Structure formats: structure tokens, C-alpha cells
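The values are calculated or read from the model by the stated rules, or taken from the named source; none is laboratory data. Every value quoted in this text rests on a predicted model; they were computed, and no experiment measured them. FYI the Cβ positions are ideal-geometry reconstructions off the backbone, even for glycines, and counts take in every protein chain you see. Accessible surface is based on the protein model in full, side chains and every heavy atom, while ligands, DNA and RNA are left aside. Shrake-Rupley method; radii C 1.70, N 1.55, O 1.52, S 1.80 Å.
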Amino acid sequence: MNLYFRLLAVTLVISGCSSTDVALKTSPYTMKSGGDVPKLQQGLQVKHADLNFEVFPAKKQISGTTTLTLHSDTPRAAVAVDLDQVFSISTVSINGVALSPNAYRNDKGLLSMQPAAPVQGDFTVTVSYAGTPREAVKAPWDGGFVWSKTPSGADWIATADQGEGCDLFWPCIDHPFGEPLSADIRITVPKNLKAVTNGVFIDEASQGDTTTYHWQTRSVHNTYGIALNIGPYEKIEQTFHSIYGNDFEVVYYHLPETTDKAKILFAEIPPMLDFFERMIGPFPFSQEKAGFVETPHLGMEHQTINAYGNEYKKDAYGFDWLMQHEFAHEWFANQLTAANSDHMWLQEGLGSYMQPLFTQYLHGDMAYKARLFEQRKALDNQFPMVSNKSLEVEQVFNKDIGPGGDVYTKGSLMLHSLRELIGDEAFFKTIRIMTYGTDNPQPGHLTPRLGTSDEFIQIVNKVTGKDLTWFFNVYLFQAKLPKLLVERSDSKISLEWQTDQNVYFPMPVEVSINNQLHVLDMSQPQSLPVSPKDVVIIDPDSKVLRYDQAIADYQAFKKAQAK
């Protein structure tokens, strides 16, 4: 036993935290996702995940056996994966050789293992475990298992764990670099239920009063995007003919009670696919499926099996905004994943911009700007969208310590301003390169990738041939919005940008005077001649995201009303 394991064993004995003594609760370590990487996980690659679950609805329990095929370029005397300490572990094996109980420890959710000899290259880790997984209090914001009932009383079960991570129910490396290159997922459930998950359906096999459903992924899968969905599902499916010339299956698993509503909702999917493929690029996972499943929680971007729980609500813009938002994450979360949570706007900002963009695609500019204005009213601007720190997921989404909802709304509005600044051709080329790693993505030749804010900025600069770093220095790396100082006299109107710490911000501004448009180079203060009766509109087409006193007053009013 090496020094690390000796110290760990002593700590556990002193603290009295043996899993055989008391029923343990989910630890703070497990409740976080992302952030700093434990030393024993650094440099590991997850090549394959073989996941086997049996779900016991009556007891709200599961049992599982997971085999991870890992890779290390260097010899390792010890390795670690993440697994919630609420589970009892029966066996741990490395390369098929069972470890003795004193060669592994689950220390508050970090399952550390010491093989008999150092491992290098490809090797397998197998963990068998069982217990009561964490139950979500309010999914999807509060992660875990959702144990629910359908209107007719059948079991209806789902998982959601974006904030807390995959280790809530299977051994994994709970960090974006821990995405498995492929996975086999087998889910055993009572015979009256069906199990739906990521990837391609392979087969089902019944034994006694249970059925095992085997699914297989054929691409890199987001760890929090692997999800269990269990219920008495029926399905609607059709073959989608892509503008790229390939065909793939679109499928929606729904409850028997919602068949009529499900058919109406399903009809929205092909136009959405057309939109994404025309505006962004090919559906990233056509070798698997474009999948949707009705869930007892609101929704989540589970890869190739998007969770939908918006209860078929109607939207004034003619489509289900939540389904469209979650589906957008197939491009911006599953194809392009933030390398760490500090760059979450790449997923949520791009995902949120797709609702106004789809609205414009369907209805034109008035509806597009109306939707953007709804986002504008929601900004907090208390923390920068990017802090250049290693953050956990919940540190980003908690608006008391991080950007919170701004990664959605401010990210979307920043993208709108960027589009107006550089034009559609450069804007959409930038998005394609960032999403796929190429400006010419083709089905069958796509690999999910990790991205950062700095990479996005570099792509913008290369595509435009200009250094637009100043744009992101204000919108990404500062909390406060730029403020346009405007002074008007009887003879002139003067404009000047004000930013926190006087950061350089030469954002051009349009000014309409009696319907005559002037475009001002704001690299320095500017003035225009006016008379007292002139009608002056600053930024008449709402191109620039900036501080707005009217919105600040409105937000203060709403906050006071809520007290």
C-alpha cells in the first residue's frame, strides 16, 4: 500500500466514516461537477464506458456494473474515478483482476484504486455497486433520480445531473475531458416498462419479470448527457432527409396519455432540423439518432435523447421554445463542449441565441427583436461571464458568486451585437468553425470537441481579419455593460463610451437624425450637429448591447415589488 493509501486509510479510521458503519450522504465533492481535477485523474482518457444498470422502482434503488477503458501515457501506481459514496461497492477490478478491499477507497466520492502493478496504455477499471441514488429535489436544476408516476399510475423515471455530474449514478471522470469516446449502455427494468437512453438501440432481452435494453453510442458523449429514461413509452419516428444528402432517424418517446399532443409537437422537429442545418451545419450525431423523450422534469440536453417536460405549452412565436433550446445543445454542448465551466456561455449563450434566431427565421425581424428584448430585461451584470478561473458548474450558475443566468441571456445578446458588428457571413463562419473545427463540416466526419473563449476570440479575429479582442474584453471579461454617455445641447449631440476601468471599446454606433442615418467611429468621442426640434434616435436598430437606464429602473421596480 503506497503512502497515499496509508494516509487515506488512517483518515477514514479516525473519522469513523467507513461505509459499513453508517449510511452516507452525497458529499460536497460529488455535488460539484468540473473545477479542479484530482491528481489521480489528471492525464487520463476515457476510451469506452460499458454501463450496466438494474433499476428497482419500488425501492428507488439501482445496482450497476461499470467497466471503463482508460488510457494513460505514463505508468500509474494509482488511479481514481468519481462515484457517489451513497453506494455500497462489492467489487473493484483493474484489467479483470479483483482488488483486495484495502487496495481501494471511496473517499467522499473519489474512488481511488491501487493496482497490483502500475498500469500504462489502455487498461480497464470495473466497479460493481448498489444502493439508493440521490433523489432530485427539483430536477433538472437539482440533480439526481426522478421517481415519478404517469397519469395512469405507471412508474416514470429519469435522471438529470448537469450541475452535479455523472458520478451521481455511475463511476466516471466528472469533467469535460472525461467524455467517453463510445459507450454500451444496458438498462434492466420491470417488464411493463421500457428503457430509453443515448445512442442506437441494439436489442432487448427478457428474463423472468425484467427486460434489459441495450443501447450503444457511436461518438464522444458528454458525461452529464448520458441519461436513463424509463416508462411505458410509445414512440413516433420518421426518417429525416438532410440538406447534406444523408438520412437519419428522428424519434420521440412519449407517454401513452399524450399521443395526440406528441404528434403535434413532433411535427415541429423537422423544420427545426432544417433551420439548424442551414444556419449552423449538419446534425452532429446522424450516425445515431435525433432523439427526444418525455420526462417528469422540465428538460435537459441529453445527447441524442433530449429530455422534454414542457407539458406541450404553446408559444406566441409558433414553436416550443424549450424543446428548441435543448435541441440547440446538440450543437452547443454536445458537439461543442466548454473545456471547463468558466466558458459555459459557449453552450448556454449560443443555445439561447438560437431561439431569437429561429424566430427570425420563421417570422422576421420584429419577432426576432422582441425575443431579444425579453432576454435583455433579465440581465444581472454582477459578475463577468468569463473569470479565467477553474470553476465548478454550480459556481457558474449561482448568481451570487458567478454570472448565473447571464451565460444564457447576456451570451445571446453579445452574439447578436457581434453579428451586427461583423456581418452574417463572418458571424456564421465563426460559429461553424468553433462548433466543428472546420468551415466545411460534413456528416460522417464530425468529432465532438472542447472549446474555450480564447479560441472563439482567435477565430473571430482570423475570420474578420481584424483584432476584435476589445469587444470581448468588455462583454466577456467585465461584469458591467458599456455605457454610452450622451449629451445634447441646442446645437449638437455628443457621444462617448464609458467602460469599467476605462477599457478601450471603439464600438461603432448608429445615430438617426430626422431619419438620416449616421455611423459613428467611436474610437474617440464624437459629436453631431442638431437643432432643438430634431428627432434623434441612438442605435435605432438595437444593434449594440449597452447599459440602459430605463431597463435598470424597470428591474429596480420589479425587485421592489417582489419584496
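Computed quantities for the displayed model
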| item | result |
| --- | --- |
| Test: Glu510 is over 19 Å from Lys369 (Cβ atoms), at pLDDT 95 or above and of a type outside the set (Gly, Ala, Ser) | no |
| Number of positions in the stretch 453-491 that are closer than 27 Å to Thr438 by Cβ, open to solvent by 50 Å² or more (accessible area, probe 1.4 Å) and over 26 Å from the mean Cα position of the chain (by Cα) | 4 |
| Top-ranked residue in the stretch 405-438 [being within 20 Å of the chain's Cα centre (by Cα) and surrounded by fewer than 18 Cβ atoms within 10 Å (Cβ to Cβ); ranked as nearest to Pro284 (Cα to Cα)] | Gly437 |
| The lone exception for Leu517 - which of (1) over 37 Å from the mean Cα position of the chain (by Cα); (2) open to solvent by 50 Å² or more (accessible area, probe 1.4 Å); (3) under 17 Å from Thr499 (Cβ atoms) it fails | (3) |
| Matching residues in the stretch 99-108 - criterion: being open to solvent by 70 Å² or more (accessible area, probe 1.4 Å) and farther than 18 Å from Asp82 by Cβ | Pro101, Asn102 |
| Residue list for the stretch 543-556, restricted to those being touching a helix residue (DSSP H, G or I) at 6+ places or on another chain (Cβ under 8 Å) and either open to solvent by 70 Å² or more (accessible area, probe 1.4 Å) or over 22 Å from Leu517 (Cα atoms) (or both) | Ile551 |
| Yes/no for Val79 being open to solvent by less than 20 Å² (accessible area, probe 1.4 Å), in contact with a Pro (Cβ under 8 Å, 6 or more places away or on another chain) and free of Cβ contacts under 8 Å to residues at least 60 places away in the same chain | yes |
| Subset of the stretch 452-494 [of a type in the set (A, V, I, L, M) and either more than 30 Å from Pro532 (Cα to Cα) or in contact with a Pro (Cβ under 7 Å, 6 or more places away or on another chain) (or both)] | Ile457, Ile459, Val460, Val463, Leu468, Val474, Leu476, Ala479 |
| Residue within the stretch 82-92 that is out of contact with any Lys or Arg (no Cβ under 6 Å at 6 or more places or on another chain), open to solvent by 40 Å² or more (accessible area, probe 1.4 Å), among the hydroxyl-bearing types (Ser, Thr, Tyr) and in contact (Cβ under 8 Å) with a residue 60 or more places away in the chain present | yes |
| From Ser512, Ser494, residue being open to solvent by less than 50 Å² (accessible area, probe 1.4 Å) and under 14 Å from Pro540 (Cβ atoms) | Ser512 |
| Criterion: touching a Pro at 6+ places or on another chain (Cβ under 6 Å), within 18 Å of Ala338 (Cα to Cα) and aliphatic (A, V, I, L, M) - qualifying residue of Leu391, Leu415, Leu446 | Leu446 |
| Residues within the stretch 309-331 that are outside any loop (DSSP other than H, G, I, E, B) and of a type in the set (Phe, Trp, Tyr), tallied | 2 |
| Selection count where residues are within 30 Å of Gln45 (Cα to Cα), part of a loop (DSSP other than H, G, I, E, B) and open to solvent by less than 70 Å² (accessible area, probe 1.4 Å), scope the stretch 195-250 | 10 |
| Hits in the stretch 166-192 (condition: over 16 Å from the mean Cα position of the chain (by Cα), within 22 Å of Lys60 (Cα to Cα) and in contact (Cβ under 8 Å) with a residue 60 or more places away in the chain) | Asp167, Leu168, Phe169, Trp170, Pro171, Cys172, Ile185, Arg186, Ile187, Thr188, Val189, Pro190 |
| Positions within the stretch 109-129 being surrounded by 16 or more Cβ atoms within 10 Å (Cβ to Cβ) and either on the phi > 0 side of the Ramachandran plot or not β-branched (Val, Ile, Thr) (or both), in sequence order | Gly109, Leu110, Leu111, Ser112, Met113, Gln114, Pro115, Phe123, Ser128, Tyr129 |
| Tally of residues being farther than 27 Å from Arg449 by Cβ, open to solvent by less than 10 Å² (accessible area, probe 1.4 Å) and assigned to a loop (DSSP other than H, G, I, E, B) across the stretch 344-397 | 1 |
| Pairs where the first residue, in the stretch 22-45, is at negative phi and the second is open to solvent by 40 Å² or more (accessible area, probe 1.4 Å) and not β-branched (Val, Ile, Thr), C-beta under 6 Å, 6+ apart | Thr26/Arg134; Ser27/Lys108; Tyr29/Lys108; Lys32/Glu392; Asp36/Ser390; Gln45/His71 |
| Selection status of Phe5, touching a Lys or Arg at 6+ places or on another chain (Cβ under 9 Å), crowded, with 17+ Cβ neighbours inside 10 Å and modelled with pLDDT of 95 or more | no |
| Yes/no for Thr258 being over 26 Å from the mean Cα position of the chain (by Cα), open to solvent by less than 30 Å² (accessible area, probe 1.4 Å), modelled with pLDDT of 95 or more and farther than 24 Å from Asp161 by Cα | yes |
| Residues within the stretch 135-161 that are open to solvent by less than 80 Å² (accessible area, probe 1.4 Å) and outside any loop (DSSP other than H, G, I, E, B), tallied | 11 |
| Hits in the stretch 152-178 (condition: of a type in the set (A, V, I, L, M) and touching an Asp or Glu at 6+ places or on another chain (Cβ under 6 Å)) | Leu168 |
| Index of the failed condition, Asp174 passing every other in (1) surrounded by fewer than 24 Cβ atoms within 10 Å (Cβ to Cβ); (2) in a loop (DSSP other than H, G, I, E, B) | (1) |
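Okay, residues lined up against (1) out of contact with any helix residue (DSSP H, G or I) (no Cβ under 9 Å at 6 or more places or on another chain); (2) aliphatic (A, V, I, L, M):
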| position | (1), (2) |
| --- | --- |
| Met31 | no, yes |
| Gly34 | no, no |
| Leu44 | no, yes |
| Phe53 | yes, no |
| Pro57 | yes, no |
| Thr66 | yes, no |
| Val86 | no, yes |
| Ser93 | yes, no |
